[in-house]
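Colleague: Mind looking over this structure? Questions follow.
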Amino acid sequence: MRILKLASFDKFAQNNDISDAVLCEVVERAEKGLIDADLGDGVIKQRIARKGKGKRSGFRTIIIIRSMEYAFFIYGFAKSERGNIRRDEQAAIKNLAPILLELTEEGIDALIKDGSYMEVKQNGKTIQE
């Protein structure tokens, strides 16, 4: 499974002390069928607990996922700051999903090279099975 994060999502994760290891755990949960909300068309919402607290008061992440192949962290927000994403945001993400999920390895590498996305790493190494 190749896991990537949008550059703006990386800033969100850094500002909220969400490590790549935690992002890997979130995707592992989804791969096991433990999805917090299936928004359809390969788009899911997963919760992340704040350090020292539960998921209820934590963060929400929007992920575009293709089972056993790719996961793209697109958006994150604190539950305390907003209840959910707006309908127009959800529609825009759903429009993006088929584009990302149809990318070849070369296409994904190009997104990384241009700085739009970055690879999620675990123990300092990229995750590719």
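The values are calculated or read from the model by the stated rules, or taken from the named source; none is laboratory data. Keep in mind the model is a prediction, meaning the values are calculated, not measured. Cβ sites come from the backbone with ideal geometry, for glycine too, and all protein chains shown count toward neighbours.
Colleague: Taking the range 59-111 as the region of interest, how many residues are among the hydroxyl-bearing types (S, T, Y), within 15 Å of the chain's Cα centre (by Cα) and surrounded by fewer than 13 Cβ atoms within 10 Å (Cβ to Cβ)?
Modeller: Matching residues across the range 59-111 total 1.
Colleague: Taking the condition exposed (fewer than 15 other Cβ atoms within 10 Å of the Cβ) and closer than 21 Å to M1 by Cβ, does A21 pass?
Modeller: Here the answer is yes, as A21 does meet what is asked.
Colleague: Turning to a different aspect of this structure: For the range 69-116, name all the residues that are within 18 Å of D36 (Cα to Cα), hydrophobic (A, V, I, L, M, F, W, C) and part of a loop (DSSP other than H, G, I, E, B).
Modeller: Selection gives I85 alone.
Colleague: Let me ask another. Mind checking whether some residue in the range 47-57 is surrounded by fewer than 18 Cβ atoms within 10 Å (Cβ to Cβ) and either of a type in the set (V, I, T) or not in a loop (DSSP other than H, G, I, E, B) (or both)?
Modeller: yes
Colleague: Right, something else. Given the conditions (1) part of a strand (DSSP E or B); (2) in contact with an Asp or Glu (Cβ under 8 Å, 6 or more places away or on another chain); (3) among the aliphatic types (A, V, I, L, M); (4) closer than 21 Å to I112 by Cβ, report the number of the one that I64 does not fulfil.
Modeller: (2)
Colleague: How do the pairs read when you match residues in the range 66-94 that are closer than 21 Å to I108 by Cα and among the acidic types (D, E) with residues anywhere that are at pLDDT 90 or above and surrounded by 11 or more Cβ atoms within 10 Å (Cβ to Cβ), using Cβ under 9 Å and keeping only pairs 6 or more apart or on different chains?
Modeller: Listed by first residue and then by second, the contacts come to E69/R2; E69/L101.
Colleague: Hey, L39 hits all of (1) surrounded by 13 or more Cβ atoms within 10 Å (Cβ to Cβ); (2) touching a residue at least 24 places away in the same chain (Cβ under 8 Å); (3) out of contact with any strand residue (DSSP E or B) (no Cβ under 7 Å at 6 or more places or on another chain) but one; which does it fall short on?
Modeller: For L39, the exception is condition (3).
Colleague: Can you pull out the residues in the range 1-35 that are of a type outside the set (S, T, Y), free of Cβ contacts under 8 Å to residues at least 12 places away in the same chain and either part of a loop (DSSP other than H, G, I, E, B) or more than 27 Å from G107 (Cβ to Cβ) (or both)?
Modeller: Filtering the range 1-35 for residues of a type outside the set (S, T, Y) gives 1-7, 9-18, 20-35.
Within this subset, residues satisfying the condition of being free of Cβ contacts under 8 Å to residues at least 12 places away in the same chain are 11, 14-15, 25, 28, 32-35.
If the condition is that a residue be of a type outside the set (S, T, Y), free of Cβ contacts under 8 Å to residues at least 12 places away in the same chain and either part of a loop (DSSP other than H, G, I, E, B) or more than 27 Å from G107 (Cβ to Cβ) (or both), then N15, K32, G33, L34, I35 are the ones that fit.
Colleague: Taking the range 36-46 as the search range and keeping residues that are assigned to a strand (DSSP E or B) and within 12 Å of the chain's Cα centre (by Cα), which one is farthest from R86 (Cα to Cα)?
Modeller: So the first thing to find is which residues in the range 36-46 are assigned to a strand (DSSP E or B), and the list is 37-40, 43-46.
Restricting the remaining residues to those that are within 12 Å of the chain's Cα centre (by Cα) gives 43-46.
Numbers: V43: 14, I44: 14, K45: 13, Q46: 16 Å.
It comes out as Q46.
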